[in-house]
Amino acid sequence: FPPGRRGWPVVGDSINWYNAVAGSHPPRFVEEQVKRYGRIFSCNLLGKRAVVSADPTFNRFIMQNEGKLFQSSYPKSFRDLVGKNGVITVQGEQQRKLHGIASNMMRLEKLKFHFLKDIQVVMIQTLDNFNNNQVILLQDMAMNLMVTQLLGVSSDSDINEMAQLFSDFVDGCLSVPINLPGFPYHTGMKARQKIIKKIDKTIEIRRQQPASEVGINGVLGRLLEEDSLPDDTVADFIINLLFAGNETTAKTMLFAVYFLTQCPMALKQLMAEHAGLQRNCDEGTLTWEDYKSMPFTQCVIDETLRIGGIAIWLMREAKEDVEYEGFLIPKGCFVVPFLSAVHLDENFHKEALTFNPWRWMDPENQEKRNWRSSPFYAPFGGGARFCPGAELARLQIALFLHFFVTRYRQVWTQLKEDHMSFFPSARLVNGFEIRITRTEQ
């Protein structure tokens, strides 16, 4: 069994673990253990013995053997909230079916001919609602964008209500599963019920309306057009996409602006790239060719995902006794590939804690940069559970950055100091409050 320590009785290392990931450097606890025991070590998490990996090769081995040697394993609170029919938690044939539906819905042709237009409509509508010199919380705006894109909801009251419900939902996902008033799990379950009611109501309205009257389709509209799933499965499917979209795409938008604010040189180069694209836009919107002509923007996205990627770790369980490099991992043991520990490791990424998008322009890093196959850079996971919305997420982030930096003069002003936190939900502690100044059109 990999070397390690047991920590406190019952609690084990859970407190040290969560204290580490509540800061801006999530793998700090892992780094301490790696120095003592090596890149593959054991500890006690959530009341169970766990094998934690900061080894890129072993991480990839775990992800590539999903459904064979390892299976997805999450705490009860998480399973209850995301739903038994969610693509994140289901196993076996049902997981492959739902993953296939998601992958088909977000394949390249759909991005080019459907989502590219839908996303830009939402971006423009949302950003145009802000007044000159208005103070905004950037994470609220990012959440509003995701709700609109996924559900096709466009009224401010519906968006704000859904955003608040989803905030309660997320806070309950990794909480102690005590279903009593006042506990995050109870509040999260109540929020889940209300979210499902809203999704069911939206489904009913869409099925009664002709397609020409629907307006913004959103992912829900695309799903209803193409796949005949039971309504309860559709609801869980959308909740999973809301969770994944908000906890990855929306938070990456937020962190990208935060990092750019700290790095004026990168912001200046990004603005220059998008100013050139804006001059070439005939109708104020971008084409697929424009999207593919954003090399520095892609570097910014890659660097944001490396430092602020929300998939910090994965939770797996050994389906059978597994032998690896002289270690024996017993059946039923928790296995935790800690992706962020690799992303922030000085041995794999020079000056790993520094936001440096230019690192991805170095020819030596091109193979390492391939997020589909690189063991050193895996912001979207890998194997059978590789994120089906990876390309869609990158498209959303790139389009957001385009409209955000081209619609405001001097872009924005940060009003107070802030720092990153990854627990209980990835965020900027003070909400990243900014004042925006509209560009003269």
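Restricted to the range 36-105, the set of helices (runs of 4 or more DSSP H) holding at least 2 residues that are under 25 Å from Phe376 (Cβ atoms) and touching a helix residue (DSSP H, G or I) at 6+ places or on another chain (Cβ under 8 Å) comprises 56-64. Might you check whether a residue that is open to solvent by less than 10 Å² (accessible area, probe 1.4 Å) and in contact with a strand residue (DSSP E or B) (Cβ under 8 Å, 6 or more places away or on another chain) occurs anywhere in the range 262-280? There is no residue in the range 262-280 that is open to solvent by less than 10 Å² (accessible area, probe 1.4 Å) and in contact with a strand residue (DSSP E or B) (Cβ under 8 Å, 6 or more places away or on another chain).
Report those helices (runs of 4 or more DSSP H) wholly inside the range 315-410 carrying at least 2 residues which are under 29 Å from Leu277 (Cβ atoms) and not small (Gly, Ala, Ser). Output list reads 366-369, 390-406.
Only one of the listed residues (Thr297, Thr285) is in contact with a helix residue (DSSP H, G or I) (Cβ under 6 Å, 6 or more places away or on another chain), part of a loop (DSSP other than H, G, I, E, B), in contact (Cβ under 8 Å) with a residue 24 or more places away in the chain and of a type in the set (S, T, N, Q). That residue is Thr285.
Let's see how each residue does on (1) of a type in the set (Gly, Ala, Ser); (2) open to solvent by 20 Å² or more (accessible area, probe 1.4 Å); (3) under 20 Å from Arg28 (Cβ atoms):
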position	(1), (2), (3)
Thr297	no, no, no
Gly309	yes, no, yes
Ala318	yes, no, no
Glu323	no, yes, no
Lys331	no, yes, no
Pro337	no, no, yes
Val342	no, no, yes
Glu351	no, yes, yes
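Listed here are the residues, each with its yes/no results for (1) open to solvent by 20 Å² or more (accessible area, probe 1.4 Å); (2) in a helix (DSSP H, G or I); (3) more than 21 Å from Pro388 (Cα to Cα); (4) modelled with pLDDT under 90.
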{"residue": "Ala244", "(1), (2), (3), (4)": "yes, yes, no, yes"}
{"residue": "Glu247", "(1), (2), (3), (4)": "no, yes, no, yes"}
{"residue": "Phe255", "(1), (2), (3), (4)": "no, yes, yes, no"}
{"residue": "Ile301", "(1), (2), (3), (4)": "no, yes, no, no"}
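Of the candidates Glu346, Glu391, the single residue that is without any contact (Cβ under 8 Å) to a residue 24 or more places away in the chain, acidic (Asp, Glu) and open to solvent by 20 Å² or more (accessible area, probe 1.4 Å) is Glu346. Of all residues in the range 137-176, those satisfying the criterion of being open to solvent by 40 Å² or more (accessible area, probe 1.4 Å), more than 20 Å from Leu392 (Cα to Cα), modelled with pLDDT under 80 and part of a helix (DSSP H, G or I) are Asp140, Asp156, Ser157, Asp158, Asn160.
If you check Asn104 against the conditions, is it over 20 Å from the mean Cα position of the chain (by Cα), modelled with pLDDT under 90, surrounded by fewer than 18 Cβ atoms within 10 Å (Cβ to Cβ) and of a type outside the set (D, E, K, R)? So Asn104 fails the test.
Scanning the range 205-227 for residues that are under 24 Å from the mean Cα position of the chain (by Cα) and modelled with pLDDT of 85 or more turns up nothing. Could you run through the range 267-310 and say how many residues are touching a Phe, Trp or Tyr at 6+ places or on another chain (Cβ under 7 Å) and not β-branched (Val, Ile, Thr)? Count: 8. Could you go through the range 320-335 and let me know if any residue there is at pLDDT 95 or above and within 24 Å of the chain's Cα centre (by Cα). Yes, the conditions are met somewhere in the range 320-335.
Given the structure, is Asn179 part of a helix (DSSP H, G or I), open to solvent by 70 Å² or more (accessible area, probe 1.4 Å) and closer than 16 Å to Arg192 by Cα? Taking the combined requirement at face value, the residue does not satisfy it.
Here is a yes/no grid of residues against (1) open to solvent by 20 Å² or more (accessible area, probe 1.4 Å); (2) more than 24 Å from Leu242 (Cα to Cα); (3) touching a residue at least 12 places away in the same chain (Cβ under 8 Å):
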position: Asn65; (1), (2), (3): yes, yes, yes
position: Phe70; (1), (2), (3): no, yes, yes
position: Pro75; (1), (2), (3): yes, no, yes
position: Arg79; (1), (2), (3): yes, no, no
position: Gly83; (1), (2), (3): no, no, yes
position: Ile88; (1), (2), (3): yes, no, yes
position: Gln94; (1), (2), (3): yes, no, no
position: Lys97; (1), (2), (3): yes, no, no
position: Gly100; (1), (2), (3): yes, no, no
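The values are calculated or read from the model by the stated rules, or taken from the named source; none is laboratory data. Just so it is clear, the structure is predicted and the values come from calculations on it, not from any experiment. Glycine also receives a Cβ, built like all others from the backbone with ideal geometry; neighbour counts cover every protein chain displayed. For accessibility, only protein heavy atoms count, side chains too; no ligands or nucleic acids. Shrake-Rupley method; radii C 1.70, N 1.55, O 1.52, S 1.80 Å.
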